[in-house]
Amino acid sequence: MAVIHPLNAPGKYWIDCRQCDDYGCCEMSAPNNFRRDELHEFVFKQPETEEEERQCAEAMLSCPANAIHCDGPQPPVDEYFRKELEKLQNDQEKEILSARCDTEM
Ligand code: SF4
C-alpha cells in the first residue's frame, strides 16, 4: 500500500514515500512543485501552468524509483517532446543563420 507524505498537495501528482529514494532529482526537474522536508520528498504544489505541467511530467518520467504517480489523465508527453524538439531545431537554425551572417559580413 502506498504511503503519501501528509504535506503532499492535493491533486493528481503524488509520491509514494515507500518507493522514493529521497535523492531529490525531481526537485531539479520541477523546482516549483517538488520539495523535501526532514523526512521525505513530496509534491509541494500541483502544477498550475503549462511549463509546470511539462516539468512535473519530466520529473515523473525520469524518477529512477518510479515513485511519482499521476492520477487521472496522463500528461501529453508526446506533445511536450515535440515542442522541445521544435524549440531545439529553431535554436539550431538561429545559430546556423547567425553563424552565416557573421561569416558573410
Ligand atoms: S526523483 Fe523520484 S525517487 Fe528521486 S526524490 Fe524524486 S520522487 Fe523520490
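We did not get these values from a lab; they are worked out from the coordinates using the rules stated. Only a predicted model underlies this, so the values are computations on that prediction, with no experimental measurement involved. Please note: Cβ atoms are built from the backbone with ideal geometry, for glycine as well, and neighbour counts cover all protein chains shown.
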Fewest-first ordering of H69, H5 by Cβ atoms within 10 Å yields H69, H5
Divide by every residue of the chain the summed helix terms, -39500 (n - 2.57) for each DSSP H run of at least 4, and state the resulting mean residue ellipticity at 222 nm, rounded to the nearest 500 deg cm²/dmol. -14500 deg cm²/dmol
When N is the residue count of the chain, what does its C-alpha Rg come to as a fraction of 2.2 N^0.38 Å? 1.39
Loop GluC sites (Glu not before Pro), segment 20-83 (other Cβ atoms within 10 Å of the site Cβ: 16 or fewer; DSSP): E38, E48
Degrees, to the nearest 10: 50-62 long Cα axis against longest axis of the chain: 70 degrees
Mind checking the angle between helix 77-104 and the chain's longest principal axis? C-alpha axes, 0 to 90 degrees, to the nearest 10. 30 degrees
Normalised contact order of the chain, rounded percent, pairs of Cα under 8 Å and 6 or more residues apart: 26 percent
